[in-house]
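A.B. asks: Here's a structure for you.
The values are calculated or read from the model by the stated rules, or taken from the named source; none is laboratory data. Note that the coordinates shown come from a computational prediction; the quantities given were computed from them, not determined experimentally. Quick reminder, even Gly has a Cβ in these numbers, built from the backbone with ideal geometry, and neighbours come from all protein chains shown.
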Amino acid sequence: MPDRKCRQILELFCDDLTATQIADISGVSRVTVNNYFRLIRSVIASFCEDSLFPNHRSRTLNDANSREEALCGPVGHPAYYGFYIYKGKVSAAWLRDICESSVLQLQGKVHAAMNGGSASVFEGYYAVADLNDWRLYWLDGNAELSSSGDALPEITGFWKHTKSRLQKFRGVNKRTLYLHIKECEFRYNFRNDDILTVLTGIISTRQRFNNGIYGN
């Protein structure tokens, strides 16, 4: 595919157009556009994991059975994500360890669970989101929450942003949920920047993206 078409798809992705809209504008098939979307979102997810939020990276990648499982999420299980802040930016990490936990535990005082045997699961997070029921549970037992004045408005803003983006799809496939969550994270954290400039810079440093697209 010509470089100008690749650039056009990237620009329209940054403008937050759907795959169908981009296909109509660019003349590229929707299937091909969706393939590009997955590549772009994979680059975004890797950037968030590797560059911005190293403290929780192992919880998402190393604790999973495979990188594919980490990127796709727990198929057939509720999708829980822990929200935290690192260097002024919000991040969401897939909480694989609580996929089989009772939702009642989250509804009934997460701080109690934190003080019990599950402390390592929730440690360092400000809130837990249940992406099945679109509910956010604040970890009021986390002492850091009260000491960080920016945590509550930032995470509240991120949650509203994420719900608004994901609910418009009327159901996100769990095999791509993680990539969508990371895209929401990226767009929210760089909402005051030119997304195209930031993303172009990231892509230019990731040879596997170039091989995956321009090498075809």
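A.B. asks: Can you find a residue in the stretch 171-194 that is under 24 Å from residue 45 (Cβ atoms), assigned to a helix (DSSP H, G or I) and at pLDDT below 80?
C.D. replies: Taking every residue of the stretch 171-194 in turn, none turns out to be under 24 Å from residue 45 (Cβ atoms), assigned to a helix (DSSP H, G or I) and at pLDDT below 80.
A.B. asks: Test residue 29 against the criterion of being at pLDDT 80 or above and touching a strand residue (DSSP E or B) at 6+ places or on another chain (Cβ under 8 Å), and give yes or no.
C.D. replies: Taking the combined requirement at face value, the residue does not satisfy it.
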